[in-house]
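First comes the structure, then the notes that go with it.
The values are calculated or read from the model by the stated rules, or taken from the named source; none is laboratory data. Here the structure is a predicted model, which means the values were calculated and not measured. Please note: Cβ atoms are built from the backbone with ideal geometry, for glycine as well, and neighbour counts cover all protein chains shown. The area values use the complete protein model at the heavy-atom level, side chains included, leaving out ligands, DNA and RNA. Shrake-Rupley method; radii C 1.70, N 1.55, O 1.52, S 1.80 Å.
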Amino acid sequence: MAGAPAFTLTVTGSNFIASSVVRWNGTARTTTYVSSTQLRATISAADIAVAGTAAITVVTPAPGGGTSNAQSLPILNPVPTITSLSPPSVVAGTGGFTLTVDGTNFIGSSVVRWNGADRPTTYVSGTRLTVQISAMDVLLAGTARVTVFNPPPGVERRIR
């Protein structure tokens, strides 16, 4: 997940030697030789700070070495979770208002959806978004579905 802490990546293949090195998007990473079929590399939090795809290769020096085929490792946006809405309710027909959405795993490109429609969203922090809800959105009584969407590669999570 994007924004996760550092981790150890295990690379499985064949013909590894003690001097084989794992590369992350072309840059060598601290590599531990485990066996001729397994290496471990330290991947920093900075490497996975943003969603995207990393290309993983192994380079074995000459003679007889070279660069392996690349394997793709997707770095996904986190799944947002809504924990509360403020205000928690409004009276129908009273006009527009600012909705504060608290939760977790919000990112700069998170979008609040009101009954499935995107609303201009302001990112406040990884735990707070605000959105302007129009008078037309609350003209009639009912229950609105509020969701937060993190764009691909992300997932939508619903609360109401």
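Say whether the condition of being hydroxyl-bearing (Ser, Thr, Tyr) and without any contact (Cβ under 8 Å) to a residue 24 or more places away in the chain is met by at least one residue in the range 105-113. No: the range 105-113 contains no residue that is hydroxyl-bearing (Ser, Thr, Tyr) and without any contact (Cβ under 8 Å) to a residue 24 or more places away in the chain. Among the residues of the range 62-78, those identified as outside any strand (DSSP E or B), open to solvent by 60 Å² or more (accessible area, probe 1.4 Å) and either touching a Pro at 6+ places or on another chain (Cβ under 9 Å) or not aliphatic (A, V, I, L, M) (or both) are Pro63, Gly64, Asn69, Leu76. Val11 meets the conditions (1) among the β-branched types (Val, Ile, Thr); (2) touching a Gly at 6+ places or on another chain (Cβ under 9 Å); (3) in contact (Cβ under 8 Å) with a residue 40 or more places away in the chain in every case but one. The failed one is (2). Residue count for the range 9-27, restricted to those that are out of contact with any Phe, Trp or Tyr (no Cβ under 6 Å at 6 or more places or on another chain) and either over 14 Å from Thr57 (Cβ atoms) or open to solvent by 60 Å² or more (accessible area, probe 1.4 Å) (or both): 9. The set of residues from the range 5-25 being assigned to a strand (DSSP E or B) and of a type in the set (A, V, I, L, M) comprises Leu9, Val11, Val21, Val22. Criterion first (in a loop (DSSP other than H, G, I, E, B), among the small types (Gly, Ala, Ser) and over 30 Å from Ser19 (Cβ atoms)) does Ala92 satisfy it? Criteria met by Ala92.
Among the residues of the range 29-61, count how many are assigned to a strand (DSSP E or B), touching a strand residue (DSSP E or B) at 6+ places or on another chain (Cβ under 9 Å) and not charged (D, E, K, R). Residues meeting the conditions: 18. Taking the conditions (1) open to solvent by 30 Å² or more (accessible area, probe 1.4 Å); (2) modelled with pLDDT of 95 or more; (3) hydrophobic (A, V, I, L, M, F, W, C) in turn, Trp114 satisfies each one other than (1).
In this structure, does Ser109 turn out to be among the hydroxyl-bearing types (Ser, Thr, Tyr), within 14 Å of the chain's Cα centre (by Cα), under 23 Å from Thr147 (Cβ atoms) and outside any strand (DSSP E or B)? For Ser109, the condition - among the hydroxyl-bearing types (Ser, Thr, Tyr), within 14 Å of the chain's Cα centre (by Cα), under 23 Å from Thr147 (Cβ atoms) and outside any strand (DSSP E or B) - is met.
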